[in-house]
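Engineer: So that we are looking at the same thing, I have put the structure below in C-alpha cells.
The values are calculated or read from the model by the stated rules, or taken from the named source; none is laboratory data. Since this is a predicted model, take the numbers as computed values, not measurements. Glycine gets a Cβ as well: all are built from the backbone with ideal geometry, and neighbour counts include every protein chain shown.
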Amino acid sequence: MNTTDNFMEVNRAFKILKLDENASLLDIEKAYRRLVKRYHPDKCAGEEKLKCKEKFIEVKNARECLKSFYAYGREVSAVKEYREYIEYIKRFYDDLFGGLDLW
C-alpha cells in the first residue's frame, strides 16, 4: 500500500467515525464506543442485522486504522497536507479541462 492509499484510508476512517482530522485519541475512542453501541449486531433486528454487522466491522477497522496512524507518530497535519494537494490537483484539472469531474 502506498502513501496515497494510507492517507485515503485514514481520511475514510475519520469520516466513518464522524470526526475531523484534529480529533484526539480520546475523541476516537468516544466515537468508536458510541457507534459500536449503535451498530452492534445484537441490538439490530431482522434485515437490519446484516447492515449493522457490516457497519460494526467498518467502525472497528476505522478505529484500528486511526490508532495505528497515531501510534506510528504520524501527524494529522499530514492528512491536511494531502487534502490540500488533492484540492490543488482538482483546481489544476478544472482550469485545464473546464470543470471536468475526475473524482
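Engineer: Among the residues of segment 70-83, is there at least one that is modelled with pLDDT of 90 or more and either surrounded by 15 or more Cβ atoms within 10 Å (Cβ to Cβ) or within 12 Å of the chain's Cα centre (by Cα) (or both)?
Structural biologist: no
Engineer: Does segment 30-52 include one or more residues that are surrounded by fewer than 18 Cβ atoms within 10 Å (Cβ to Cβ), under 14 Å from the mean Cα position of the chain (by Cα) and not polar (S, T, N, Q)?
Structural biologist: no
Engineer: Could you give me the residue pairs with C-beta distances under 8 Å whose first residue belongs to segment 60-71 and is charged (D, E, K, R), whose second residue is not in a helix (DSSP H, G or I) wherever it lies, and which are 6+ apart or on separate chains?
Structural biologist: Pairs that qualify, where the first residue is charged (D, E, K, R) and the partner is not in a helix (DSSP H, G or I), are ARG63/LEU17.
Engineer: So VAL10 fits all but one of (1) over 16 Å from TYR82 (Cα atoms); (2) touching a residue at least 24 places away in the same chain (Cβ under 8 Å); (3) crowded, with 19+ Cβ neighbours inside 10 Å; what number is the exception?
Structural biologist: With (1) over 16 Å from TYR82 (Cα atoms); (2) touching a residue at least 24 places away in the same chain (Cβ under 8 Å); (3) crowded, with 19+ Cβ neighbours inside 10 Å applied to VAL10, the lone miss is (1).
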